[in-house]
Amino acid sequence: MGLPVYQIFINSKEHELLKSDIWSDSFVSAQMLQGGKRIPIRIRYRGGHTREYPKKSYEIRTSQATYHFNAEYDDPSMIRNALSFQFFDSINVPSPGTRHCVLHINGKNAGVYLRIDGVKSSFFRRRGIPVRSIIYAVNDNADFSDKSLSKKSFFSGYSLIKGGEEDRTRLSQFIRSLHIYEGEQLQQHLQSCLDIDNYLRWLCGAVLTGNYDGFNHNYTLFEHRIRKVYRIMPWDYEGTWGRNCYGKLVDSNLVKIHGYNKLTEKILSYRVYRQQYKALLLHFLDTVFTVRRQLPVVYRMVNNIAEDVYKDPNRKWSTGVFDGEPDTIRSYIENRRQDIVDQVKRLDA
């Protein structure tokens, strides 16, 4: 039957403006066919190094919502983001909704894309989550490290999506205090400012799926308006399930169980949180992070997109590699499970 098709129309002047600077974050005006009618939209390129690829990713804003149309160019399966976000949902960490589709721009087939819900205020409204602030971790400075020696701002590495100056200050103070407090005072600080159960579940997701780039950026922080604690959710999980963000095969044990940022280090310095983390990991190994649970999802996603992937004029990988990806993911799960079992034994050391 094929994937849904999104028709985008950009007039020549706006299209030339868009193409004139691939690094610009400015939007141009365009239209999208919806329900048989053309509706006004704004469109821009998105991503980092991927902007130089022949198949580019886009951010599209309508009057109702924001969507990211990811080219998934480096991922030969084209499902790793979608598979990861579905996995996070299964372990009770809120994640962007996804939908594979075909994108046509001015009548030309641009290929298979993954439409990802933008994590804006509407995302949380739809899920009934009251938020006070939304903050993107946009580069490697978002590692919760002590910025006082480098004289960088403690907000360095972040972009405020919803909120004001007081929200910048509050996050900066939260990170600064991680490096001032110790012992019981630090533990109280963590408990009062952070949803630790949410954080440990997110950590499990990043560690199990093997996202090396997910600890110092590629996540979203949001502050719960009622509980007044920070929660975390994933973003950009293309480099997972046995491949890195460039599509290269990597060792299943690339990502260590303790992750790679200072906040995780502080949390896991307390035995009670290590025990909680260990219990979650073992529970997920027993329930959701299994070949039996994940491979049907993998095959369903791959079979759903295969026909259109074969016809994608801008794909990077051969059909042979694409067809072999379920086996690649199966091997990763099997090996990763053993990695986790081996490392969990040393978690309390």
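The values are calculated or read from the model by the stated rules, or taken from the named source; none is laboratory data. Quick caveat: nothing in here was measured; it's all calculated off a predicted structure. No Cβ is skipped: glycine too gets one built from the backbone with ideal geometry, and neighbour counts run over all protein chains shown.
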Please determine, by comparing only the residues of the stretch 19-48 that are surrounded by 16 or more Cβ atoms within 10 Å (Cβ to Cβ) and part of a loop (DSSP other than H, G, I, E, B), which one is modelled with the lowest pLDDT. Gly47
Here is a list of conditions, (1) out of contact with any Phe, Trp or Tyr (no Cβ under 7 Å at 6 or more places or on another chain); (2) part of a helix (DSSP H, G or I), and Arg51 meets all of them except one; can you say which number that is? (1)
Subset of the stretch 113-139, residues of a type in the set (A, V, I, L, M) and touching a strand residue (DSSP E or B) at 6+ places or on another chain (Cβ under 6 Å), comes to Leu114, Ile116, Val119, Val131, Ile134, Ile135, Ala137, Val138
Given the criterion over 24 Å from Arg271 (Cα atoms), out of contact with any Lys or Arg (no Cβ under 6 Å at 6 or more places or on another chain), of a type outside the set (Phe, Trp, Tyr) and not in a loop (DSSP other than H, G, I, E, B), identify the matching residue among Leu221, Leu208. Leu221
Would you be able to tell me the number of residues in the stretch 67-109 that are buried (at least 23 other Cβ atoms within 10 Å of the Cβ), under 12 Å from the mean Cα position of the chain (by Cα) and small (Gly, Ala, Ser)? 3
Members of the stretch 153-170 that are touching a strand residue (DSSP E or B) at 6+ places or on another chain (Cβ under 9 Å), under 10 Å from Asn141 (Cβ atoms) and not aromatic (Phe, Trp, Tyr): Gly157
Give, as residue ranges, the helices (runs of 4 or more DSSP H) completely inside the stretch 264-349 that count at least 3 residues that are out of contact with any strand residue (DSSP E or B) (no Cβ under 6 Å at 6 or more places or on another chain) and more than 21 Å from Arg243 (Cβ to Cβ). 271-287, 319-344
Say we look at the stretch 312-349 and pick out the residues that are of a type in the set (A, V, I, L, M, F, W, C) and closer than 20 Å to Gly205 by Cα; which of these is surrounded by the fewest Cβ atoms within 10 Å (Cβ to Cβ)? Val341
Any residue at all in the stretch 141-148 that's assigned to a helix (DSSP H, G or I), of a type in the set (Phe, Trp, Tyr) and under 17 Å from His217 (Cβ atoms)? no
Checklist (1) in a helix (DSSP H, G or I); (2) farther than 22 Å from Ser90 by Cβ applied to Ile226, failing item: (1)
